[in-house]
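Undergrad: Provided herewith is a single structure, encoded as structure tokens, for subsequent inquiry.
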Amino acid sequence: MIQVRSLQKSFGSVQAVQNVSFSAQNGQITGILGPNGAGKSTTLRMVYGLLHPDRGRCDIDGIFVERNPIEARKKLGVLPDAQGLYPRLTARENIRYFARLQGLKGIESRITELSNLLAMNDFIDRRVEGFSQGQRMKVAIGRAIVHQPANIVLDEPTNGLDVVSTRSMRSLISSLKERGHCVLFSSHMMQEVEALCDHVVIIVRGHSVFEGSLSALRAHTKRENLEEAFVSLISQSTS
């Protein structure tokens, strides 16, 4: 479970996040939505400890991230917007390296399991340099979940993927939910949100302006179409 309480973060005179609060539950997919520059990525970076909030706090399964960042990260799997893979290592070596950092036992059998799960058998022993975006994304997600974390944070996981890779990623996200994981992800694609999310959080100008189910969002905005509901809420929040 991920809990975010009254987060604030500024960069000089720019207030990137001013007041964001939400909860992401186990066995659910929670979507973070908002227009460009709303503060979504900054919020996620505070959740997984890359940035320290000026105020507020993030808790991962009851662990205060800023106070115990190492323990909190053990319970997190993170796919950031920049994958940061090592191009001269193979896919297997990239995943193995992060498994060792996590102190994982039974690494090779776990890599075999992930290779099958993510359909990486054709390229698992090739160097990452020259991989397609879809192949790189699969390696990055394998690296993120190799230690089987309870909570998974994905920053626009289908960005740049083709149709087949996008469908594969959505299937994986759904399977993580079915296994009881807490999945938190950001997306600009309303079709993706509608297909996957149990719960959504909408951030506008650094403020969380809505939290609830998709049906609650439609009822709140009196719009049946999800995209229209989203646009309507943003318009209300910026007027």
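Undergrad: State whether the residues of region 146-158 include one that is assigned to a helix (DSSP H, G or I) and open to solvent by less than 40 Å² (accessible area, probe 1.4 Å). Working first, answer last.
TA: The first filter runs over region 146-158 and keeps only residues assigned to a helix (DSSP H, G or I), leaving none.
No: region 146-158 contains no residue that is assigned to a helix (DSSP H, G or I) and open to solvent by less than 40 Å² (accessible area, probe 1.4 Å).
Undergrad: Would you mind telling me which numbered condition in (1) open to solvent by less than 60 Å² (accessible area, probe 1.4 Å); (2) closer than 30 Å to S215 by Cα; (3) touching a strand residue (DSSP E or B) at 6+ places or on another chain (Cβ under 6 Å); (4) at pLDDT below 95 D81 fails?
TA: Checking D81 against (1) open to solvent by less than 60 Å² (accessible area, probe 1.4 Å); (2) closer than 30 Å to S215 by Cα; (3) touching a strand residue (DSSP E or B) at 6+ places or on another chain (Cβ under 6 Å); (4) at pLDDT below 95, the one that fails is (1).
Undergrad: Please identify the pairs in which a residue from region 201-213 that is free of Cβ contacts under 8 Å to residues at least 24 places away in the same chain and of a type in the set (S, T, Y) has its Cβ atom under 9 Å from the Cβ atom of a residue that is crowded, with 18+ Cβ neighbours inside 10 Å and not in a strand (DSSP E or B), counting only partners at least 6 apart or on another chain.
TA: If the second residue must be crowded, with 18+ Cβ neighbours inside 10 Å and not in a strand (DSSP E or B), the pairs left are S213/C197.
Undergrad: Looking only at region 125-142, count every residue that is in contact with a strand residue (DSSP E or B) (Cβ under 6 Å, 6 or more places away or on another chain) and of a type in the set (G, A, S) and tell me the total.
TA: Number satisfying all stated conditions: 1.
Undergrad: When region 30-46 is examined, which residues are found to be within 25 Å of A216 (Cα to Cα) and either among the aliphatic types (A, V, I, L, M) or open to solvent by less than 30 Å² (accessible area, probe 1.4 Å) (or both)?
TA: T30, G31, I32, L33, G34, A38, G39, K40, T43, L44
Undergrad: For region 224-234, what are the residues that are without any contact (Cβ under 8 Å) to a residue 40 or more places away in the chain and within 18 Å of V201 (Cβ to Cβ)?
TA: Of everything in region 224-234, those that are without any contact (Cβ under 8 Å) to a residue 40 or more places away in the chain and within 18 Å of V201 (Cβ to Cβ) turn out to be L226, E227, A229, V231, S232, L233.
Undergrad: Those residues that are assigned to a helix (DSSP H, G or I), out of contact with any Leu (no Cβ under 8 Å at 6 or more places or on another chain) and surrounded by fewer than 18 Cβ atoms within 10 Å (Cβ to Cβ), I need them from region 211-239; list them, please. If you could, list the steps in order and put the result at the bottom.
TA: Initially, region 211-239 is screened for residues assigned to a helix (DSSP H, G or I), giving 214-221, 226-238.
Okay, now just the ones that are also out of contact with any Leu (no Cβ under 8 Å at 6 or more places or on another chain), so 215-216, 219, 227-228, 231-232, 234-238.
Within region 211-239, S215, A216, A219, E227, E228, V231, S232, S235, Q236, S237, T238 qualify.
Undergrad: If you don't mind, there's one more thing I want to ask. Restricting attention to region 111-137, report how many residues are of a type in the set (K, R) and in contact (Cβ under 8 Å) with a residue 40 or more places away in the chain.
TA: The total comes to 2.
Undergrad: Here is a further query. Counting only residues that are touching a Ser or Thr at 6+ places or on another chain (Cβ under 9 Å), open to solvent by less than 60 Å² (accessible area, probe 1.4 Å) and of a type in the set (S, T, N, Q), how many does region 159-173 have?
TA: 2
Undergrad: Can you work out which of the residues in region 174-210 that are open to solvent by less than 40 Å² (accessible area, probe 1.4 Å), in a helix (DSSP H, G or I) and in contact with a Ser or Thr (Cβ under 9 Å, 6 or more places away or on another chain) is nearest to D61 (Cα to Cα)?
TA: Top of the filtered list is L196.
Undergrad: Out of L118, L101, L89, L114, which single residue is loosely packed, with under 13 Cβ neighbours inside 10 Å and aliphatic (A, V, I, L, M)?
TA: L101
Undergrad: Still on this structure: Could you look through region 19-36, keep only residues that are polar (S, T, N, Q) and at pLDDT 95 or above, and pick out the one that is nearest to the chain's Cα centre (by Cα)?
TA: Within region 19-36, the match that is nearest to the chain's Cα centre (by Cα) is T30.
The values are calculated or read from the model by the stated rules, or taken from the named source; none is laboratory data. Quantities reported herein were computed from a predicted structural model and do not represent experimental measurements. No Cβ is skipped: glycine too gets one built from the backbone with ideal geometry, and neighbour counts run over all protein chains shown. All accessible areas refer to the heavy atoms of the entire protein, side chains included, with ligands and DNA or RNA removed. Shrake-Rupley method; radii C 1.70, N 1.55, O 1.52, S 1.80 Å.
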